[in-house]
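The values are calculated or read from the model by the stated rules, or taken from the named source; none is laboratory data. All values reported here derive from a predicted model rather than from experimental measurement. Quick reminder, even Gly has a Cβ in these numbers, built from the backbone with ideal geometry, and neighbours come from all protein chains shown.
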């Protein structure tokens, strides 16, 4: 055998070795995939963006927002803390004192005011009783700063809702049934919702009491 035959045999041997190594490598990789389907080792990977061994589902979006307490929620929580610590005030806050006292030009009582507005006697009796009930509750929490602020907030809403929603109906001379219905819908229900966690135990009857407490002190007019 000459040198050329030896060279040919060496080249054929190298090619065979390469092909054999390739087949062995392919077999190992296929076996590993069958053993761990869908898994990719990304240890120490520096790939940017989304990395996954299978499909990436981007169909779901999650939006996280911080909780936001309403003014009323803050006051109710403060009231709860005050009750636990027995913290007390010695006088009314000025704004509540304003609602508590009759206006200087007021010369008649609640009953006469409602009578002048053509309210029936049954309604007047209910109004007086509701006002007295609310007044007792207001007095009960007179030493709580949070309770005073809650009452100030609610009384302010009563005035706003009454002047914007109820008083225009009174000026138009709408019937009592409609007005009472609107008081419930546009004044009482929104305030009950505003109370959120109702630590003071206010009821719809108490909200009626606020309305007539303000009327009795001449902060609201029915005619």
**Asked** Just to be sure, is residue 138 assigned by TED's automatic domain parsing to the domain that holds residue 207 and in contact (Cβ under 8 Å) with a residue 40 or more places away in the chain?
**Response** yes
**Request:** Hey, can you tell me all the residues within segment 106-129 that are in a helix (DSSP H, G or I) and without any contact (Cβ under 8 Å) to a residue 12 or more places away in the chain?
**Result:** 112, 115, 121, 122, 125, 129
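Of all residues being part of a helix (DSSP H, G or I) and touching a helix residue (DSSP H, G or I) at 6+ places or on another chain (Cβ under 7 Å) in segment 93-105, which is modelled with the lowest pLDDT? Just the residue, please.
Going through segment 93-105, the residues part of a helix (DSSP H, G or I) turn out to be 94-100.
Imposing the further condition that a residue be touching a helix residue (DSSP H, G or I) at 6+ places or on another chain (Cβ under 7 Å) reduces the set to 95-96, 99.
On the way: 95: 82, 96: 85, 99: 90.
Among residues in segment 93-105 that are part of a helix (DSSP H, G or I) and touching a helix residue (DSSP H, G or I) at 6+ places or on another chain (Cβ under 7 Å), the one modelled with the lowest pLDDT is 95.
When you go through 132, 196 one by one, which is the residue that is touching a residue at least 60 places away in the same chain (Cβ under 8 Å), surrounded by fewer than 16 Cβ atoms within 10 Å (Cβ to Cβ) and either not in a helix (DSSP H, G or I) or not assigned by TED's automatic domain parsing to the domain that holds residue 94 (or both)?
Working: 132 fails: either not in a helix (DSSP H, G or I) or not assigned by TED's automatic domain parsing to the domain that holds residue 94 (or both).
Selected residue: 196, the only one of 132, 196 that is touching a residue at least 60 places away in the same chain (Cβ under 8 Å), surrounded by fewer than 16 Cβ atoms within 10 Å (Cβ to Cβ) and either not in a helix (DSSP H, G or I) or not assigned by TED's automatic domain parsing to the domain that holds residue 94 (or both).
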**Request:** Could you list all residues from segment 156-188 that are under 22 Å from the mean Cα position of the chain (by Cα) and surrounded by 14 or more Cβ atoms within 10 Å (Cβ to Cβ)?
**Result:** 157, 158, 161, 186, 187, 188
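Can you give me the number of residues within segment 135-166 that are outside any helix (DSSP H, G or I) and in contact with a helix residue (DSSP H, G or I) (Cβ under 6 Å, 6 or more places away or on another chain)?
Kept after step one, since they are outside any helix (DSSP H, G or I), are these residues of segment 135-166: 141-144.
Next, only the ones that are in contact with a helix residue (DSSP H, G or I) (Cβ under 6 Å, 6 or more places away or on another chain) stay: 141, 144.
Of the residues in segment 135-166, 2 are outside any helix (DSSP H, G or I) and in contact with a helix residue (DSSP H, G or I) (Cβ under 6 Å, 6 or more places away or on another chain).
Being touching a helix residue (DSSP H, G or I) at 6+ places or on another chain (Cβ under 7 Å), assigned to a helix (DSSP H, G or I) and modelled with pLDDT of 95 or more, is that true of even one residue in segment 167-175?
Looking only at segment 167-175, we keep the residues that are touching a helix residue (DSSP H, G or I) at 6+ places or on another chain (Cβ under 7 Å), and these are 169-170.
With the extra rule that they be assigned to a helix (DSSP H, G or I), the set shrinks to 169-170.
Retained after the next criterion (residues that are modelled with pLDDT of 95 or more): 169-170.
Yes, because at least one residue in segment 167-175 is touching a helix residue (DSSP H, G or I) at 6+ places or on another chain (Cβ under 7 Å), assigned to a helix (DSSP H, G or I) and modelled with pLDDT of 95 or more.
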**Request:** Quickly run through segment 200-216 and pick out the residues that are buried (at least 18 other Cβ atoms within 10 Å of the Cβ) and not in a helix (DSSP H, G or I).
**Result:** 200, 202
